[in-house]
1. In region 5-34, what residues are more than 12 Å from the chain's Cα centre (by Cα) and among the polar types (S, T, N, Q)?
2. Which residues, taken from region 22-36, are assigned to a helix (DSSP H, G or I) and either among the aromatic types (F, W, Y) or touching a helix residue (DSSP H, G or I) at 6+ places or on another chain (Cβ under 8 Å) (or both)?
3. Determine, yes or no, whether V6 is modelled with pLDDT of 95 or more, surrounded by 13 or more Cβ atoms within 10 Å (Cβ to Cβ) and of a type in the set (A, V, I, L, M, F, W, C).
4. Run down K67, K21 and say which single residue is charged (D, E, K, R) and surrounded by 12 or more Cβ atoms within 10 Å (Cβ to Cβ).
5. Only residues in region 34-54 that are small (G, A, S) count as the first member; pair them with residues that are part of a helix (DSSP H, G or I), Cβ under 6 angstrom, at least 6 apart or cross-chain, and list the lot.
6. If you go through region 37-83, how many residues are more than 12 Å from the chain's Cα centre (by Cα) and not in a helix (DSSP H, G or I)?
Amino acid sequence: MNIQDVLNAVAAGGSDYAASKKLGINRQMFSSYRTGRKTPSDTMLDKFAAMTDLSLQQIYLAVYAEKLENPTAAEAFRKLASH
């Protein structure tokens, strides 16, 4: 699991615009999460968990894996997030 999987779960088959409205942010910010220009805050990650069937642990592991510079560690985080 990676951040794109998390964002897809948040959008739940709808548009990024609709998801951003539910989150209380603008579409550009949601797009920034998709492109990796911005990383969602911990508060935003909590909102993601409230909107999806994903656990908070899955979301944090998937998102923080994107921040890691060590590819082996990042892959380990992604694998843990998939469970």
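1. Selection gives S15, S20, N26, Q28.
2. Scanning region 22-36 gives K22, L23, R27, M29, F30, S31, Y33, R34.
3. So V6 passes the test.
4. Residue meeting the stated conditions: K21.
5. A49/L56; A49/I59
6. Number of matching residues: 7.
Here is a yes/no grid of residues against (1) touching a Ser or Thr at 6+ places or on another chain (Cβ under 8 Å); (2) of a type outside the set (S, T, Y); (3) under 18 Å from F30 (Cβ atoms):
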site	(1), (2), (3)
D42	no, yes, yes
L45	no, yes, yes
S55	no, no, no
A74	no, yes, no
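So that you can scan it fast, the table gives a plain yes or no per residue for (1) hydroxyl-bearing (S, T, Y); (2) touching a Phe, Trp or Tyr at 6+ places or on another chain (Cβ under 7 Å):
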{"site": "V10", "(1), (2)": "no, yes"}
{"site": "S15", "(1), (2)": "yes, no"}
{"site": "S32", "(1), (2)": "yes, no"}
{"site": "L56", "(1), (2)": "no, no"}
{"site": "Y60", "(1), (2)": "yes, no"}
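The values are calculated or read from the model by the stated rules, or taken from the named source; none is laboratory data. The structure presented is a predicted model; accordingly, all values stated were derived computationally and were not measured. Please note: Cβ atoms are built from the backbone with ideal geometry, for glycine as well, and neighbour counts cover all protein chains shown.
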